[in-house]
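The values are calculated or read from the model by the stated rules, or taken from the named source; none is laboratory data. Predicted model only: the values in this text are computed from it and were never measured. Positions of Cβ are backbone-derived with ideal geometry, glycine not excepted, and every protein chain shown enters the neighbour counts.
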Amino acid sequence: MARMTKPPDDTGRVILGLDAAERAERRRQLLLDTALEMFATAGFAGTTIEALCQTALVGNKAFYEHFRNKEECYVALLQRCTERTFTRVVEAIPHDDVDEETTTRALVGALAHALTDDPRVSIVTFGVAGGITVRIDKLRRENRRGASSLVVSTWERSGDDLPENVGAIALAVIGGLFGLIGDELDRVDYRPDPSAVDELITNMGDFVLAVRRGMH
């Protein structure tokens, strides 16, 4: 396994208005931006560190300052995609006292758009960029459990008595929602048109609301 390379101690230098830490973070984000494109098009197995660095116009040494290997880069990219998706969903939670159906449709709409507006994000998130490792697959499952916690907290806002196995139900709902999104993206080769996304959001909302009715 490649070892992390310690970056040079130039913290006192300011170049183009950026100090060393800011320049390092800019390189890291550039590498992740490039990784998003390459993993989505060439796949995990088909992307090499050398090609990634050449495309990003970043030296191999800079890559190893941030990531130990290609898998760690993919993990960081997946985490970034997940965090941005969760942010969009949380921001969609209505602040007013609205009914549960309105809240549900707002949340599934935000989730659908977060995963379909940029086809590359959906490819990385759903792990279809071939050659995914056990560690990456485990992280994807952990992210789904995190999403299910958000579902539970949304249901708790209703004030209803929830079943003891609500966590398992929420996890199944997340799996179902991701299944609907994945099937639709696969059907249209990861390039859905607006009308297809609207129909997808309707189906996702109907699914979640049907589950909720079964819990009463």
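Let's see how each residue does on (1) more than 16 Å from the chain's Cα centre (by Cα); (2) surrounded by 14 or more Cβ atoms within 10 Å (Cβ to Cβ):
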| site | (1), (2) |
| --- | --- |
| Asp161 | yes, no |
| Val173 | yes, yes |
| Tyr190 | no, yes |
| Gly214 | yes, no |
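Looking at the structure I just gave you, is Arg135 in contact with a Gly (Cβ under 9 Å, 6 or more places away or on another chain) and either modelled with pLDDT under 95 or not in a helix (DSSP H, G or I) (or both)? Answer is no for this residue. Note on region 115-132: among residues that are of a type in the set (A, V, I, L, M, F, W, C), in a helix (DSSP H, G or I) and over 18 Å from Val90 (Cβ atoms), the one that is nearest to the chain's Cα centre (by Cα) is Val124. Taken together, the criteria exclude Asp97 from residues that are exposed (fewer than 14 other Cβ atoms within 10 Å of the Cβ), under 17 Å from Leu200 (Cα atoms) and not aliphatic (A, V, I, L, M). Residues of region 58-74 that are of a type in the set (A, V, I, L, M, F, W, C) and modelled with pLDDT of 95 or more: Phe63, Phe67, Cys73. Exactly one residue out of Thr104, Thr87, Thr116, Thr125 is in contact with a Gly (Cβ under 8 Å, 6 or more places away or on another chain) and not charged (D, E, K, R): that is Thr104. Look at (1) surrounded by 20 or more Cβ atoms within 10 Å (Cβ to Cβ); (2) in contact (Cβ under 8 Å) with a residue 60 or more places away in the chain; (3) in contact with a Ser or Thr (Cβ under 6 Å, 6 or more places away or on another chain) and you find that Glu71 fails only one, number (1).
Regarding Gly146, is this residue in contact (Cβ under 8 Å) with a residue 60 or more places away in the chain, surrounded by 11 or more Cβ atoms within 10 Å (Cβ to Cβ), within 20 Å of the chain's Cα centre (by Cα) and in a helix (DSSP H, G or I)? Here the answer is yes, as Gly146 does meet what is asked.
Among residues of region 149-168 being among the acidic types (Asp, Glu) and in a loop (DSSP other than H, G, I, E, B), the one that is farthest from Thr104 (Cα to Cα) is Glu164. Scanning region 16-32 for residues that are free of Cβ contacts under 8 Å to residues at least 24 places away in the same chain and surrounded by 15 or more Cβ atoms within 10 Å (Cβ to Cβ) returns Ala20, Arg23. Taking region 86-113, which residues are over 27 Å from Arg191 (Cα atoms) and hydrophobic (A, V, I, L, M, F, W, C)? Across region 86-113, the qualifying residue is only Val98. For the subset of region 100-126 comprising residues that are β-branched (Val, Ile, Thr) and closer than 18 Å to Leu32 by Cβ, which member is surrounded by the most Cβ atoms within 10 Å (Cβ to Cβ)? The residue in question is Val124.
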